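Remarks on the structure that follows.
The values are calculated or read from the model by the stated rules, or taken from the named source; none is laboratory data. What you see is a predicted model; the values in this text were computed from it and never measured. With ideal geometry, Cβ positions are generated from the backbone for all residues, glycine too; neighbour counts draw on all protein chains shown.
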């Protein structure tokens, strides 16, 4: 989302190392059971025309918000994302004027009230509420502050050419080209601290990797603290990280190998829905969205399955063999489904059919002749694959006020520095983390350069400021 605004692209010259991406012309869609749909294009006029079929006022509001947040205030949002978070009073001192006041006023809202503030039509409200939940934002008072930053990217979704691994592969090539090395298959078990300074990491096989100048950990903050030694962190930090809120919902993924790409019934209303990159469905009004997340919070398999997905091979053919397509859908569900995470293993076939059954309500051609293979990838599977994604958490921690901005993960750690000399945090549970934008690593790199008095080969993103 909005990846082209990340300084990583030009600072690391990732195009030289095999990374590129596509910005699909038809960005998003929301399909509804009554056969209607909303479509978000790269073209603003086309987007507004789609919204206007339901509400002319909402279309005009979208246009106003786009120019304000995605155009005018974009430099401010980039500055906020790629600088260490500031305390709210300091941020307010740097922002002035009616537009800045309007931006900060979103902190008075939860997700539902912030969407209701701007939009009137139920379908349009449903789309944007679902969109906000995708990034593990919980609907609690104060969470509305993320709305302007998230809205700025609603027309800027990207797809990496050749698969998401092309991004990490490019980063690895940068390291090797600069004389570094990448060690894979090495399970880090301990951060070695000597005389108050981080000096090495110890591996599960008994080996160690020395860190003579610094160690930067992209592993989640709670796990990093435990690997370095909890007693080296203040009591308040220990208390918060040991009670870290990973989020009430996880993303279950149903993967399909198809002969033909999905065809949506709402294409009769707007044929562009079949070309939309990211498609939401399963929810028809905002109360169904609320119901889904209430069930997730109660560890129940939702009565209303809803979420978003894509057919990546329709945008980049390299995602599937030449005679087929690959598609997926992410419906929201809890980690401890029906009270026990192991139910995902015990009842995998049942859950698979229930998820596919909902998808078939919206797509007319997902019959057995078209579906070559299917795989339900569960929150338990996610946790097994990636130690950072505890409880299947896609953002390494829920977006709630106590875990946003200066509070992510704790105000003493938000600048990526830790109480241990030479140990830095650079993962998604830190600073402005979450998502693929490189912000935590960028903030950590600047902190390390400052502390070690290194010359930067990049131009630092200016600190947040907005004067009107």
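Some points to look at:
- Here residue 387 does not qualify as within 16 Å of the chain's Cα centre (by Cα), touching a residue at least 40 places away in the same chain (Cβ under 8 Å) and not in a helix (DSSP H, G or I).
Results for (1) in contact with a strand residue (DSSP E or B) (Cβ under 8 Å, 6 or more places away or on another chain); (2) part of a loop (DSSP other than H, G, I, E, B); (3) closer than 30 Å to residue 273 by Cα, shown as yes or no for each residue.
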residue	(1), (2), (3)
335	yes, yes, no
359	yes, no, yes
366	yes, yes, yes
391	yes, no, no
409	yes, yes, no
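- Residue within region 295-318 that is crowded, with 17+ Cβ neighbours inside 10 Å, modelled with pLDDT under 95, in a helix (DSSP H, G or I) and in contact with a helix residue (DSSP H, G or I) (Cβ under 6 Å, 6 or more places away or on another chain) present: no
- Residues of region 161-182 satisfying the condition of being part of a loop (DSSP other than H, G, I, E, B) and touching a strand residue (DSSP E or B) at 6+ places or on another chain (Cβ under 7 Å): 161
- In the condition set (1) part of a helix (DSSP H, G or I); (2) surrounded by fewer than 19 Cβ atoms within 10 Å (Cβ to Cβ); (3) out of contact with any strand residue (DSSP E or B) (no Cβ under 9 Å at 6 or more places or on another chain), residue 101 is compliant with all but (3).
- Those helices (runs of 4 or more DSSP H) of region 42-89 in which at least 1 residues are closer than 18 Å to residue 117 by Cβ, considering only elements entirely within it, cover 44-52, 56-65.
- Any chance residue 87 is surrounded by fewer than 19 Cβ atoms within 10 Å (Cβ to Cβ) and in contact (Cβ under 8 Å) with a residue 12 or more places away in the chain: yes
- Of the strands (runs of 3 or more DSSP E) entirely within region 189-262, those holding at least 3 residues that are in contact (Cβ under 8 Å) with a residue 60 or more places away in the chain occupy 197-203, 215-217, 253-258.
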